[in-house]
Every structure is written in C-alpha cells, then in structure tokens.
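Structure, as structure tokens:
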Amino acid sequence: MKLKRFLLRYYPPGIILEYEKGGFLRTKSIDLLDLTPETNPDELVEEIRQSEPLVTKAQADQVKQLVIRLQKKQTQQDHHRFCFSKELKAHILPLTNVAFDKSGSRFITGSYDRTCRVWDTASGTELHVLEGHRNVVYAIAFNNPYGDKIATGSFDKTCKLWCAETGKCFHTYRGHMGEIVCLAFNPQSTLVATSSMDTTAKLWDVESGEEVATLTGHTAEVLSLCFNTVGSQLVTGSFDHTVTIWDVASGRRVHTLIGHMGEISNTQFNWDCSLIVTGSMDKTCKVWETVSGKCVATLTGHKEEVLDVCFDLSGQLIATASADGTARVFSTATHQCLATLEGHDGDISKICFSPQGTRVLTASSDKTARLWDAHSGVCLQVLEGHTDEIFSCVFNYEGDTIITGSKDNTCRIWY
C-alpha cells in the first residue's frame with residue numbers, strides 16, 4: 001500500500017487518504033467528528049499515527065497542518081444572513097422535492113407535472129427537463145458526491161436514471177407494484193434504493209439497470225429509507241410502525257426495530273453508522289443502536305406527530321420537526337432537549353442542519369422557512385415570500401445557499 005495524497009473534508013471534519021493498492025487507487029477516511037478548536041493538534045496527530053499505518057512519522061507535520069486548517073474552519077463565525085436571490089417559476093403544477101448536487105452549483109426539482117428539472121443555481125437557468133414519467137415525479141436525488149447522475153422515482157411505479165450532464169435517460173427500473181415515494185444512491189453510486197407504497201424496497205444496479213434485490217418484510221407502505229455512510233446497510237421506515245435494518249450485500253434483514261406506536265415519518269443513520277434516529281406519528285423520536293437493534297432513547301415533548309427528524313453531520317445533535325408547529329434540538333449523547341424552536345404558525349414538515357451544525361432550517365405550512373441557532377434556539381431569520389406551504393428546504397454543501405420549494409409551484413434561491 002502506497003499513500004498518494006491527503007484530501008481535506010470540512011463537513012464533517014476529516015482527512016481522506018488516497019492510496020494505491022494492487023495497482024488500484026483507493027480512498028479511506030479518518031473521521032474527526034469530535035474535533036474542536038480546543039483539540040491539541042500534536043496529540044491528535046499522534047493518535048492518528050497509532051491507528052493508521054499509512055500515516056508515517058515523516059507525514060506527521062503535514063497531517064498536523066491539515067488538522068489546524070480544519071480547526072480554523074471551525075472558528076469562522078457563522079454570521080451569514082440570507083438574502084432572497086431568485087424565484088423560479090419552476091413548474092406548472094406543484095413541486096414535490098428539491099435537491100442539490102454536492103458542489104451546490106446545480107439543483108433539481110420534481111413535480112406533479114411529471115417532470116424533473118435541472119437548474120443552474122447561480123443564474124437560475126433551466127439546464128434540462130427530464131421527461132418520460134407518466135405520473136407525479138415524487139422522489140429525486142443526485143448521486144453525490146459525484147453529481148453526474150440523477151434518479152427520479154414516480155407515482156407511475158418506475159424509477160429512472162438520468163445523465164446529469166445531458167439529460168439523457170440511462171435506465172428505467174420497473175418492478176414496483178405501487179407508487180415510488182423515496183429513493184437514494186449508495187455512497188459508491190453503484191446502487192439506487194427505492195421504496196414504495198407496495199410495502200417493499202428494492203435495490204437496482206446503476207451500471208446494468210437490473211434489479212439487484214427486493215427487500216420484503218414490511219406490511220405497509222415504506223415511506224423513508226437511508227443508506228449508512230459506508231453503504232453496507234440500508235434502513236427503511238414504514239407505515240406498519242416498524243423500521244428495518246438491511247444488509248445491502250445480501251439483501252437480508254438484520255434487525256426490525258419495534259417500539260413506535262404510529263407510522264414512521266423519517267429515519268436516518270448518524271455519520272459513524274452506530275446509531276439510527278426515527279420520527280413517528282406517535283409524537284416521539286427514538287434513537288436505536290445499529291449493531292444490537294436496541295432502542296437507547298425515546299425523545300419526547302412534541303404534542304403532535306413528528307414529521308421529520310435528522311442528525312447533524314457530526315452526529316452530535318438531533319433535530320425534530322412536528323405538526324405542533326415547533327422543532328426541537330436534542331443532544332445525541334445525553335438525549336436532553338437543548339432547545340425548543342418556537343415561532344412557526346403551522347406544521348413543520350422539513351428540518352435540516354447547516355453543514356457546520358450551528359444552524360437549523362425549518363420549512364412550514366405557514367408559508368415561511370426559518371433559520372435558527374442550533375444551540376440557543378433563537379430564530380435568526382424568517383425567509384418570507386412564498387404564497388403557499390413550504391415542504392422542502394435544503395442547504396448546499398458550504399451552507400451559504402438555501403433552496404425552498406413550495407406548493408405555490410415555485411422554488412426560491414437564498415444567498
């Protein structure tokens with residue numbers, strides 16, 4: 001094994017090693033999820049050297065400089081105020097979803113008009129219209145970090161794979177017996193996972209266009225799914241009140257997580273793949289251990305259904321959004337509620353952290369999106385202008401651009 005070079009990853013903090021083995025170029029990452037500006041760089045480099053044989057004494061100083069760069073990035077104050085930049089009359093019928101590519105230079109919108117559209121973020125120009133579905137395009141994704149492919153899932157029961165550069169359709173995946181409501185690429189971009197109203201999830205091969213596996217076991221609609229960051233496991237959440245962890249390579253069920261008393265609204269792995277968080281219509285969130293399948297905490301406090309839940313990138317915080325019009329931020333380690341985000345005048349259907357983990361973004365049926373301080377719970381900004389419910393909000397990778405999607409058939413870009 002021969003180390004070729006180091007690459008820096010800001011969010012979450014880490015160092016990527018690019019090395020040669022058996023004539024092939026490979027990468028592995030050193031995750032520094034607990035890094036703070038106070039961490040002693042020399043001690044950390046010594047720890048890295050102990051655990052990573054590719055990092056030799058000769059490279060210690062180079063690694064130290066990378067650690068210091070990551071710490072510098074952490075100390076940059078996040079005082080960015082977002083200004084409305086553009087409104088895109090994206091579709092003739094309501095939008096269903098919006099998603100960025102890794103760089104944030106392009107984004108996609110799905111719609112009831114049966115199309116997905118690709119946009120240039122900076123200019124607001126439409127680059128491609130992805131046409132071919134015969135019903136609502138509901139689930140959409142780029143194959144980040146590569147960004148050269150797009151997957152679309154439709155109520156016509158098919159998923160399509162497209163070239164992001166040309167808009168050409170590579171494959172149409174057929175096999176689901178019900179509407180496709182969720183999809184994701186694995187991190188290697190070799191598989192697409194889809195989940196459907198037909199109670200199953202499926203895995204599809206990106207190269208060949210073939211079905212790889214059908215994941216059966218749920219007894220009701222499967223409305224959420226998520227790969228872990230290494231792509232070895234997939235988690236699915238269903239209206240049957242359960243969550244299932246699957247082994248991707250074999251398509252076998254690893255654990256069924258039982259305990260919620262209502263439909264599952266969303267489910268997600270943390271970055272190091274050790275925990276799963278689930279949100280449910282039973283007004284609670286639960287945190288589960290991936291290896292054992294045991295529930296380690298139930299996060300309570302919401303008075304109505306929990307409609308969305310997510311980890312921050314480091315996995316240290318959990319945010320929940322509810323139909324009671326509030327959002328909450330919890331500590332992953334202590335399960336304590338750190339902040340209650342109050343101010344919306346309607347359901348909060350979407351929630352996400354900024355890449356830095358310092359801000360929380362919420363989208364509501366009150367026609368606004370709000371930006372909050374993740375630790376104090378103070379509302380920093382109200383993003384106003386949509387004339388109907390906002391159901392989608394996303395940050396780009398750097399955290400300096402936001403896109404909101406609304407039932408008013410438009411999306412708005414905020415810089």
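The values are calculated or read from the model by the stated rules, or taken from the named source; none is laboratory data. Predicted model only: the values in this text are computed from it and were never measured. Cβ placement follows ideal geometry from the backbone for every residue including glycine, while neighbour counts extend to all protein chains displayed. Areas reflect the complete protein model, heavy atoms only, side chains present, ligands, DNA and RNA absent. Shrake-Rupley method; radii C 1.70, N 1.55, O 1.52, S 1.80 Å.
Remarks
- Test: residue in the stretch 154-173 that is of a type in the set (S, T, N, Q), in contact with a strand residue (DSSP E or B) (Cβ under 6 Å, 6 or more places away or on another chain), closer than 27 Å to THR242 by Cβ and buried (at least 23 other Cβ atoms within 10 Å of the Cβ): yes
- Among the residues making up the stretch 242-281, those that are more than 17 Å from VAL230 (Cβ to Cβ) and of a type in the set (A, V, I, L, M, F, W, C) are VAL243, LEU257, ILE258, MET261, ILE264, VAL277, MET281.
- The strands (runs of 3 or more DSSP E) falling completely within the stretch 187-282 that include 3 or more residues that are free of Cβ contacts under 8 Å to residues at least 40 places away in the same chain map to 211-215, 253-257.
- Verdict on THR152 being at pLDDT below 95 and in a strand (DSSP E or B): no
- Residue within the stretch 126-134 that is within 16 Å of GLY209 (Cβ to Cβ), within 21 Å of the chain's Cα centre (by Cα) and outside any strand (DSSP E or B) present: no
- For the stretch 316-359, the set of residues classified as part of a loop (DSSP other than H, G, I, E, B) and open to solvent by less than 10 Å² (accessible area, probe 1.4 Å) consists of GLY325, SER354, GLY357, listed by residue number.
- Strands (runs of 3 or more DSSP E) wholly inside the stretch 84-123 containing at least 1 residues that are of a type in the set (A, V, I, L, M, F, W, C) and under 21 Å from GLU179 (Cα atoms): 95-100, 106-111, 116-120
- Given (1) over 18 Å from TYR11 (Cβ atoms); (2) in contact with a strand residue (DSSP E or B) (Cβ under 8 Å, 6 or more places away or on another chain), index of the condition THR334 fails: (2)
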